[in-house]
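The values are calculated or read from the model by the stated rules, or taken from the named source; none is laboratory data. In this text, all values refer to a predicted model and were calculated from it rather than measured experimentally. Glycine gets a Cβ as well: all are built from the backbone with ideal geometry, and neighbour counts include every protein chain shown. Ligands, DNA and RNA are stripped out before the accessible areas are found, and what is left, the full protein with its side chains, is counted by its heavy atoms. Shrake-Rupley method; radii C 1.70, N 1.55, O 1.52, S 1.80 Å.
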Amino acid sequence: MDCNNNNNMMRKRRDRPLPANPTIPANPPANSVSSSSSSSMAAKKLWVEENQVRDAGMDELLAGLGYDVRSSDMAEVAQKIEQLDMVMGNGYVEEISNLSVDDAVYYNPSDLSSWLESMLSEINPPEFSSSTTTTTTTTTTDTFAFPRSAQIYDEPTSSNYDLSAIPGEIVYGERTKNKKTKYELNHHQHQQQQQQLVVPDSCSSSSTSAGVSQSGSLVVVVVDSQETGVRLVHTLMACAEAVQQNNLAVAEALASQIGPLAASQSGAMKKVANYFAEALASRIYQSNLTKSTLSVTNYSSFSSFSQILHQNFYRSCPYLQFAHLTSNQAILKAFVGEERVHVIDFGIKHGTQWPQLIQALALREGGPPTIRLTGIGRPDSGGSPGSAGLDPVREIGWKLAGFAEKLRVGFEFQGLVVESLADLDSETLRLREGEAVAVNSVFELHELLARPGSVEKVLGLVREVRPSVVTVVEQEADHNGPVFVDRFNEALHYYSTMFDSLESGGGGSDGQDLVMSEMYLGSQIFNVVACEGADRVERHETSDQWKTRFVSAGFEPVHLGSSGFNQASDLVSLFGNGDGYRVEEKNGCLTLGWYTRPLIATSAWQLGSNTKI
């Protein structure tokens, strides 16, 4: 509609003159007959009129101005004004804003409903296009857009992920010709124009609304509502499904909506959503790059910084401290009565696990044993196993040797740097006769799953070492499934719980530790979501899955005992007043979780009695 016509239409008057106010004489005649009786009659008449107004459902304030308008009509008028604002918001804001106050026109509220109806009809709100082109290979739908107030959701009929129980409606779905949107139901004059909404076949029916125009442009509708958290989760899952189906246009459009939805949230959910959105965006845009470029740029090159994040994560929450405590308890139990002990640590990191063990062995009844520690590290970015990567490991060894010397404990340290644990062999470990050996792995074995056969090779090496005990700590999660959407769904649940525990049970850690810990977990999220193939190393599996692998390799579980359970419970009570963290025993393992969700698990293993080397 032409803007000038619009302005002229707005200036059309339907004025209804205000009733003249009755004039009350200042000095009534002294001889007025029955003045009090007349006043009483007038008051009674006014009272009756007011009751009639109420009985008729009229608006009392407008009735006092001489307008007979029902309150229900005003609600309809308000709704149409809102719709008019929505429709005119995009095309007429500038023109309307130029109108001066003098141009204002005041209408009888009783006539506003029909006037607004005519306005809406003349402006022509968005219609569904009936022109749909279908070929043997693709289905194309004209670009469409809905006003923000339009809620066009269909309840999902099926879903591939377990968030379907969350109340809410999905925008993205095939619409039948008989089904009307709420927007259309509010505009009866357009009911005959309803058309079938066709969606690209490659898109999931549980995604958020998206349409592909003939020109290739994409329009995504995100509906404002109070349930933005539910919308956020559905959008994340819909984007993951589009990525899995390689529908990158839809995935990109959905990814762009995650940020605004996340901004409406607070606390852990907002942070988790942003990390997952970043990972999804990287996965989408990496389609024009090589997989190795993504990995080198965003993950492996930050190995040095990863060590710093690891240290902050250790301080800010009980997970790593729980892992070290429960592993050391199993090692101490296996070393009872031994004079020479050798600990092989598959991931030395900062060496924070071992002062506690050295001190416990120093205080052992009968005197401490001679301790030998083999610490295995990873090369820094740009370094090599024989150069720069070895210096940090050696520095850790010197510090531990100085600590053991103060306790008057015989101590020997051997540092190794390898690209992968699969590169180790028994000769490199320099085993000696008469030593009791313990093998320790904290969050290390799952990385081997990126390369087929590596886990079996390492477990074969461990079997050859003939250790007294093998301690393993891994995430209690399944992030190694073959289906991306299932992996994404599991990771979203897992890391949401992790971030919630950091937010609520940080144990008084400062803001820097909290931020760095979130970055530590964020790097894992990135690897789980954005990387594939050998580059995806965060391949976490559950304790039951690890049990199957160890039993197949000839090991049997060792019960960790009540002592480890009690000490672990005392440890977690120091974080967040102990509220939220839960230590539980599961088939001989000890798990640490947040409320009902286990998050990490410690298990101990020994060679089976019938195992052949």
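Give me a count of the residues in the range 341-351 that are open to solvent by 40 Å² or more (accessible area, probe 1.4 Å) and not basic (Lys, Arg).
The first filter runs over the range 341-351 and keeps only residues open to solvent by 40 Å² or more (accessible area, probe 1.4 Å), leaving 349-350.
From what is left, the residues that are not basic (Lys, Arg) are 350.
Residues that pass the stated criteria total 1.
Among the numbered conditions (1) farther than 29 Å from ALA362 by Cβ; (2) touching a residue at least 60 places away in the same chain (Cβ under 8 Å); (3) in contact with a Pro (Cβ under 7 Å, 6 or more places away or on another chain), the only one that VAL437 does not meet is (1). Go through the range 481-505 and give me each residue that's assigned to a loop (DSSP other than H, G, I, E, B) and touching an Asp or Glu at 6+ places or on another chain (Cβ under 8 Å). Listed by number, the residues that qualify are GLY481, GLY505.
The residue that is least open to solvent (accessible area, probe 1.4 Å), counting only those in the range 529-550 that are at pLDDT 95 or above and more than 21 Å from HIS493 (Cβ to Cβ), is PHE550. Pairs meeting the criteria (first residue in the range 264-278 and within 14 Å of VAL515 (Cα to Cα), second residue among the charged types (D, E, K, R) and open to solvent by 70 Å² or more (accessible area, probe 1.4 Å), beta carbons under 6 Å, at least 6 apart or on different chains) are GLY267/GLU503; ALA268/GLU503. Being touching a Pro at 6+ places or on another chain (Cβ under 6 Å) and touching a residue at least 24 places away in the same chain (Cβ under 8 Å) holds for only one residue in GLU532, GLU476, and it is GLU476. Pick out the one residue from GLU365, GLU338, GLU395 that is open to solvent by 30 Å² or more (accessible area, probe 1.4 Å), outside any helix (DSSP H, G or I), over 30 Å from PRO452 (Cα atoms) and modelled with pLDDT under 95. Of the residues listed, the single one that is open to solvent by 30 Å² or more (accessible area, probe 1.4 Å), outside any helix (DSSP H, G or I), over 30 Å from PRO452 (Cα atoms) and modelled with pLDDT under 95 is GLU365.
Answer yes or no as to whether VAL472 is crowded, with 20+ Cβ neighbours inside 10 Å, more than 18 Å from ARG597 (Cβ to Cβ) and more than 11 Å from the chain's Cα centre (by Cα).
yes
Residues of the range 251-276 that are touching a helix residue (DSSP H, G or I) at 6+ places or on another chain (Cβ under 7 Å) and closer than 12 Å to ALA238 by Cα: ALA251, GLU252, LEU254, ALA255, GLN257, ILE258. Taking first residues from the range 239-263 that are at positive phi and partners that are surrounded by fewer than 23 Cβ atoms within 10 Å (Cβ to Cβ), the Cβ contacts under 8 Å between residues at least 6 apart in sequence or on separate chains come to ASN246/SER202. Note on the range 466-480: residues that are part of a loop (DSSP other than H, G, I, E, B) and polar (S, T, N, Q) amount to 2.
Residues are listed down the side, and each one gets a yes or a no for (1) under 16 Å from ARG463 (Cβ atoms); (2) open to solvent by 40 Å² or more (accessible area, probe 1.4 Å); (3) in contact with a helix residue (DSSP H, G or I) (Cβ under 8 Å, 6 or more places away or on another chain):
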residue	(1), (2), (3)
LYS586	no, yes, yes
LEU592	no, no, yes
THR596	no, yes, no
LEU607	yes, no, yes
ASN610	yes, yes, no
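Apart from one condition, SER501 fits all of (1) more than 19 Å from the chain's Cα centre (by Cα); (2) buried (at least 17 other Cβ atoms within 10 Å of the Cβ); the exception is (1).
Yes/no matrix, rows are residues, columns are (1) small (Gly, Ala, Ser); (2) at pLDDT below 95:
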{"position": "ASP391", "(1), (2)": "no, yes"}
{"position": "ALA436", "(1), (2)": "yes, no"}
{"position": "LEU445", "(1), (2)": "no, no"}
{"position": "PRO452", "(1), (2)": "no, yes"}
{"position": "VAL473", "(1), (2)": "no, no"}
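Check the range 435-452 and report whether any residue there is surrounded by fewer than 17 Cβ atoms within 10 Å (Cβ to Cβ) and within 35 Å of the chain's Cα centre (by Cα). Yes, some residue in the range 435-452 is surrounded by fewer than 17 Cβ atoms within 10 Å (Cβ to Cβ) and within 35 Å of the chain's Cα centre (by Cα).
Answer with yes or no whether ARG451 is of a type in the set (D, E, K, R) and more than 21 Å from GLN475 (Cα to Cα). Spell out how you get there, then give the answer.
Details: of a type in the set (D, E, K, R): yes; more than 21 Å from GLN475 (Cα to Cα): no.
No, not satisfied.
When you look at THR611, is it of a type in the set (Ser, Thr, Tyr), at pLDDT below 90 and more than 25 Å from LEU357 (Cβ to Cβ), yes or no? Yes. Among the conditions (1) open to solvent by 10 Å² or more (accessible area, probe 1.4 Å); (2) under 15 Å from the mean Cα position of the chain (by Cα); (3) more than 25 Å from ALA255 (Cα to Cα), the only one that GLN524 does not satisfy is (3).
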